[in-house]
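So the structure is just underneath, and the comments pick up after that.
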Amino acid sequence: MPRTTRSAFVTQPVVAALRLFDSAHAACQHRLEQARSRVAETVRFWDAWRGNPRAVGAIVPSGQGLARAMTAQIPIGKGSILELGAGTGAFTRALLARGIHERDLVLIEREPVFLEALRYEFPSARVQSLDAARLPATCMGQGGPAAATVCGLPLLNMGTRTQMRILAGAFAQMAPNAPLFLFTYGPYCPVRRQVLHRLGLKAVRAGAVLANLPPAGVWKITRRGFKPISRSAVAGTPGSGH
Ligand SMILES: C[S@@+](CC[C@H](N)C(=O)[O-])C[C@H]1O[C@@H](n2cnc3c(N)ncnc32)[C@H](O)[C@@H]1O
């Protein structure tokens, strides 16, 4: 056998083995990075939960199954997406995986610990430090009206008036036929019937995620007709509120 062929015969398997080792090492590093960021995310979540358990409303960040169910019907390429209570970014990541551009995301959050992490992870999104019950008309920036809203807020913990303000504020930012998706751990839609009625909205069940901790239901809220929602429908709302 000529010398060059003999040396290639020896070096080729070594090079192939080194390449294999390299890619296995890179995959391990990637998994390690992912695990590290999940731990950091969970620590942030518990920090926020300890500070204000009612506002966070869950004991663990939303799982991937729930995130997929919440974003499965989000229209792509139809405009910006509004996310209320973006928290750890679980739904935000699912929106990106679904094909929404980061620059088309408007993320609303109130907890400083989440805001900082959201700005770091999604630098091209419009991350806004706002109370979702007091959304200004300008909250979508140049990106409005929104093609859909994803709501991660703990609506069950909120009074009628707060729910009314949140829903009215969100639908005021959205295109006439745009849907809002929300989730709940209870068996029924967490938006009170009087809120839906007063704002001319309807709710339909859009999915169930039994594998989530705890199991969750997804609801889709849309307008009954194309009548714009007036802010006066919110004023003077009876019932408890924050
Ligand atoms: C169930 S948690 C987060 C959901 C998110 N999908 C996750 O897994 O991280 C609800 C989030 O809503 C935020 N939140 C609660 N009330 C809010 C309000 N009035 N305005 C803005 N954000 C609010 C909380 O800070 C929290 O991040």
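G152: more than 17 Å from K220 (Cα to Cα) and among the small types (G, A, S), yes or no? Full working, then the answer.
Values: more than 17 Å from K220 (Cα to Cα): no; among the small types (G, A, S): yes.
No.
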Original post:
What number of residues within region 78-98 satisfy the criterion of being more than 10 Å from the ligand (Cβ to nearest atom) and touching a residue at least 40 places away in the same chain (Cβ under 8 Å)?
Top reply: 6
Subject >> Set P154, P179: member being within 15 Å of the chain's Cα centre (by Cα) and more than 15 Å from the ligand (Cβ to nearest atom) >> reply: P179
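Restricting attention to region 39-59, which residues are loosely packed, with under 15 Cβ neighbours inside 10 Å, modelled with pLDDT of 75 or more and not polar (S, T, N, Q)?
At the first step, the residues of region 39-59 found to be loosely packed, with under 15 Cβ neighbours inside 10 Å are 39-40, 42-43, 46-47, 50-54, 59.
Still in the list and also modelled with pLDDT of 75 or more: 39-40, 42-43, 46-47, 50-54.
Hits for region 39-59 are V39, A40, V43, W46, D47, R50, G51, P53, R54.
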Original post:
Does at least one position in region 63-72 carry a residue that is in contact with a helix residue (DSSP H, G or I) (Cβ under 9 Å, 6 or more places away or on another chain) and modelled with pLDDT under 95?
Top reply: yes
Original post:
Do you know which residues across region 99-126 are more than 15 Å from the ligand (Cβ to nearest atom) and either in contact with a helix residue (DSSP H, G or I) (Cβ under 7 Å, 6 or more places away or on another chain) or in contact (Cβ under 8 Å) with a residue 60 or more places away in the chain (or both)?
Top reply: E102, D104, S124
**OP:** Sort through A137, A148, A132 and tell me the only one that's within 11 Å of the ligand (Cβ to nearest atom) and of a type in the set (A, V, I, L, M, F, W, C).
**Re:** A132
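Looking only at residues that are in contact with a Phe, Trp or Tyr (Cβ under 6 Å, 6 or more places away or on another chain) and at pLDDT 95 or above in region 154-193, which one is farthest from G141 (Cα to Cα)? Can you show your working first?
Residues of region 154-193 that are in contact with a Phe, Trp or Tyr (Cβ under 6 Å, 6 or more places away or on another chain), as a first pass: 176, 182, 189.
Now narrow it down to the ones that are at pLDDT 95 or above: 182, 189.
Numbers: L182: 23, C189: 30 Å.
Among residues in region 154-193 that are in contact with a Phe, Trp or Tyr (Cβ under 6 Å, 6 or more places away or on another chain) and at pLDDT 95 or above, the one farthest from G141 (Cα to Cα) is C189.
The values are calculated or read from the model by the stated rules, or taken from the named source; none is laboratory data. Worth saying up front: this structure is predicted, and the values here are computed from it rather than measured. Here the Cβ is made from the backbone with ideal geometry for all residues, glycine too, and neighbour counts use every protein chain on show.
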